[in-house]
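The values are calculated or read from the model by the stated rules, or taken from the named source; none is laboratory data. Bear in mind the structure is a predicted one, so any value in this text is a computation, not a measurement. Cβ coordinates were reconstructed from backbone atoms using ideal geometry, including for glycine residues, and neighbour counts include every protein chain displayed.
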Amino acid sequence: MLNKITASAALALLLLSGAAQADEHKPSKDAVIHFADFRGRIDDWRAEGRDAILIKSDTGQWYRAEFMSPCHGLPFTETIGFVLNGTRQVNKFSSIILRGAGGLKEECWFKSFVEIPAPGKKSDKPETGK
């Protein structure tokens, strides 16, 4: 009888821990920057290698767009254009265009577009205890 109770308690704990982990890894809600075609709505951007771009709106909110495939020219470009496809918003269906040397053009499609905390706020330095 005691073994059944112990097994039931262990199973319950295992199920609860699995539910907590599922919530922890739940994908963020898709984000949108409305009226992105207005001047100044997109305030800044930063390349995250070839796989993603960080975008800051004029409200100070940061977003992360992950690409469907590597955006090879992104780490080397200084200017990008946002393709809004008539929607006037940046969302997970948007893309960016890069113009490289010799007029070469590369379009990089988003796979996801989510809100993130401002990058660079958290210090990577260990606490010294002082």
- What do you reckon, is Asp43 under 13 Å from the mean Cα position of the chain (by Cα) and modelled with pLDDT of 85 or more? no
- Checking Thr87 against (1) closer than 24 Å to Lys105 by Cα; (2) assigned to a loop (DSSP other than H, G, I, E, B); (3) modelled with pLDDT of 90 or more, which test does it fail? (3)
- Would you mind telling me which numbered condition in (1) over 15 Å from Asp30 (Cβ atoms); (2) in contact with a Lys or Arg (Cβ under 7 Å, 6 or more places away or on another chain); (3) crowded, with 16+ Cβ neighbours inside 10 Å; (4) not polar (S, T, N, Q) Cys108 fails? (2)
- Among the numbered criteria (1) surrounded by 15 or more Cβ atoms within 10 Å (Cβ to Cβ); (2) modelled with pLDDT of 95 or more; (3) over 17 Å from Lys29 (Cα atoms), which single criterion is violated by Pro70? (1)
- Task: Could you please tell me which pairs satisfy a Cβ distance under 7 Å, a separation of 6+ or placement on different chains, a first residue in the stretch 75-104 that is surrounded by fewer than 15 Cβ atoms within 10 Å (Cβ to Cβ), and a second residue that is in a helix (DSSP H, G or I)?
- Result: none
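Kindly provide the set of residues from the stretch 48-81 that are hydroxyl-bearing (Ser, Thr, Tyr), in a loop (DSSP other than H, G, I, E, B) and within 15 Å of the chain's Cα centre (by Cα), ordered by number.
Ser69
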